[in-house]
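Structure first, then comments.
The values are calculated or read from the model by the stated rules, or taken from the named source; none is laboratory data. Only a predicted model underlies this, so the values are computations on that prediction, with no experimental measurement involved. All Cβ positions, even for glycine, are placed from backbone atoms using ideal geometry, and neighbour counts span all protein chains on display.
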Ligand code: F6R
């Protein structure tokens, strides 16, 4: 989603730094880009609809400035066009903004009554207008910002230039991440750490309702009442973002193939002997586990629900964060809420987490990005070691989440003695060998490419399964639709007859997985029902099934705790090859953003 970069330096030209930062954030998804800087005392604004490269082409080759702010926009208010792109300038104020100003309509009317005119449909222009209004009124930037924080509802990370203060960048933050990077005679601002990692590893994190003043040699951060804060300077501990696709055509393909490593790395501390499981938090005192997440992360949560309920006899509910935040959550001290997030910045997940914290109930998180907003707000965090995921469609983060949740459930089974030790040891051995189990599935590319050739011209595709297989089919369906733009739906196999089967016609592709012995026969019957109506069926199974009505993708028989990891890979690769045949922009699918920082 939207990205912010800012920089002010005593000597260096900051234009290449801003462009470089925006390029690093490109993977998050955006539709327009803009940049503003001060040159010879004059404010210059450049904006384009399209890519950061278009913005770069738009600038003079030798453009040079010492202070500037830049932005990639993912449209929320108003169409994708140059006028709605950031920066927005009103009077003396120029800003870039991530987030949503919720009361912008009311503010717009008030400002119009005061004589303001607006050119765009963007809520950000209203925020700039409000800042300009208070600045004119108070002639004092601290007062201006403090008043702004009081009057504005919604979320914002704002980076601001002020006409008659040409050496300072101002920043304001609420419910949208913003960091300030510290250098030598140069300082940086970014919505995400990777944007500035090439230049500095040292940074301050702004918390909600804090604001800051940044010059090339000074950083001052204030609370909402204007008190100076003594903030901790953090040092980034993770590895640098690799922007290298290697020999792969797309990041997504690279990331799918990395899974044999990332899964193992994520669970390594917990699987080498049985007592390693006890390093994981003890969840036995809770009567219920709630799992809260969005999209793919929520699908990972569903696989954990299956394991907690079936293998450890622990009640587990899974919620979409966007729904959870507005419903009755029946929370009490005996409930543990687990939040799952790759980015650690998803607005709905963060809001749901804040709700649980307000209720003073325990929280645990499965997060990929260290020091992210969600990671910082949790009581306890378990990190996935998926590394940086650049493709918008999540693959290696999903399997890392699934694997970590599976060992967490296995630890619960060990503590509750719901599975015999002997069996747990066998499961641990399977986890230790996960890389070699996954490699043949990953290497079966020809099968997936052949299937892609059969389905890529279709308009509708269905995914079915029962229980755990159903939960993984939801992820298979999501992968296909988000990158290939083919409409697809996942259904519990037993539910088809209750309506959806009317959509099955000659050659409609139907994917199924059947890996749970006691109900496989039922799923196969459901598959036969659609074959009878003309469907073309593909079956992922670990059983020895021979049926000429289906194309069978055979996977190794493993414990329940590992099954989703094996089933999902063919689904990911079929989605990939299908989108590739359609010539889609696989790493940056249309309309999607990597980190969804608005509601
Ligand atoms: C789909 C996908 C999304 C994310 C969702 C949550 O491929 O990536 O559905 O899973 O937006 O994002 P995180 O995990 O960053 O909270």
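So that you can scan it fast, the table gives a plain yes or no per residue for (1) within 16 Å of the ligand (Cβ to nearest atom); (2) loosely packed, with under 15 Cβ neighbours inside 10 Å:
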residue	(1), (2)
393	yes, no
399	yes, no
404	yes, no
412	no, no
423	no, yes
433	no, yes
437	no, no
440	no, yes
Quick one: which strands (runs of 3 or more DSSP E) sit completely within region 84-176 and have at least 2 residues that are surrounded by 23 or more Cβ atoms within 10 Å (Cβ to Cβ) and in contact with a strand residue (DSSP E or B) (Cβ under 8 Å, 6 or more places away or on another chain)?
-> 93-101, 154-162, 169-174
Residues in region 183-202 that are in contact with a strand residue (DSSP E or B) (Cβ under 7 Å, 6 or more places away or on another chain), more than 13 Å from residue 14 (Cα to Cα) and surrounded by fewer than 24 Cβ atoms within 10 Å (Cβ to Cβ) total 4
Among the numbered criteria (1) surrounded by fewer than 20 Cβ atoms within 10 Å (Cβ to Cβ); (2) in contact with a strand residue (DSSP E or B) (Cβ under 6 Å, 6 or more places away or on another chain); (3) over 26 Å from residue 307 (Cα atoms), which single criterion is violated by residue 537?
-> (1)
Tell me, yes or no, whether region 585-597 has at least one residue that is away from the ligand (no atom under 16 Å from the Cβ) and touching a helix residue (DSSP H, G or I) at 6+ places or on another chain (Cβ under 8 Å).
-> no
Taking region 289-329 and the residues there that are part of a helix (DSSP H, G or I) and free of Cβ contacts under 8 Å to residues at least 60 places away in the same chain, the one that is surrounded by the fewest Cβ atoms within 10 Å (Cβ to Cβ) would be 323
Restricting attention to region 60-77, which residues are outside any strand (DSSP E or B) and under 23 Å from the mean Cα position of the chain (by Cα)?
-> 74, 75, 76, 77
For region 330-355, the count of residues that are closer than 27 Å to residue 593 by Cβ, touching a residue at least 40 places away in the same chain (Cβ under 8 Å) and part of a loop (DSSP other than H, G, I, E, B) equals 4
Region 120-164, residues that are at pLDDT below 95 and more than 31 Å from the chain's Cα centre (by Cα) | 163, 164
Taking region 330-355 and the residues there that are over 25 Å from residue 179 (Cα atoms) and buried (at least 19 other Cβ atoms within 10 Å of the Cβ), the one that is farthest from the ligand (Cβ to nearest atom) would be 335
Determine whether residue 480 is at pLDDT 95 or above, within 17 Å of residue 451 (Cα to Cα) and buried (at least 21 other Cβ atoms within 10 Å of the Cβ).
-> yes
Which condition number does residue 211 fail, the rest of (1) outside any strand (DSSP E or B); (2) in contact (Cβ under 8 Å) with a residue 40 or more places away in the chain being met?
-> (1)
List every residue pair whose Cβ atoms sit under 6 Å apart, with the two residues 6 or more apart in sequence or on different chains, where the first one lies in region 180-192 and is under 11 Å from residue 217 (Cα atoms) and the second, anywhere, is in a strand (DSSP E or B).
-> 182/202; 186/9; 187/8; 187/214; 187/219; 188/7; 188/181
Taking first residues from region 480-496 that are more than 17 Å from residue 253 (Cα to Cα) and second residues anywhere that are within 16 Å of the ligand (Cβ to nearest atom) and in a strand (DSSP E or B), the pairs with Cβ under 6 Å that are 6 or more apart or on different chains are 490/463
Does residue 225 fit the bill of being away from the ligand (no atom under 16 Å from the Cβ) and in contact (Cβ under 8 Å) with a residue 40 or more places away in the chain?
-> yes
What number goes with the only condition from (1) assigned by TED's automatic domain parsing to the domain that holds residue 10; (2) without any contact (Cβ under 8 Å) to a residue 24 or more places away in the chain; (3) in contact with a helix residue (DSSP H, G or I) (Cβ under 7 Å, 6 or more places away or on another chain); (4) over 18 Å from residue 86 (Cβ atoms) that residue 248 does not pass?
-> (1)
So is residue 369 modelled with pLDDT under 95 and crowded, with 19+ Cβ neighbours inside 10 Å or not?
-> yes
Members of region 9-49 that are without any contact (Cβ under 8 Å) to a residue 24 or more places away in the chain and assigned to a helix (DSSP H, G or I) | 16
Taking region 182-200 and keeping residues farther than 23 Å from residue 29 by Cβ and either under 22 Å from the mean Cα position of the chain (by Cα) or outside any loop (DSSP other than H, G, I, E, B) (or both) leaves 182, 186, 187
Taking the residues in region 372-384 that are at pLDDT 95 or above and in a loop (DSSP other than H, G, I, E, B) as candidates, determine which candidate is nearest to the ligand (Cβ to nearest atom).
-> 384
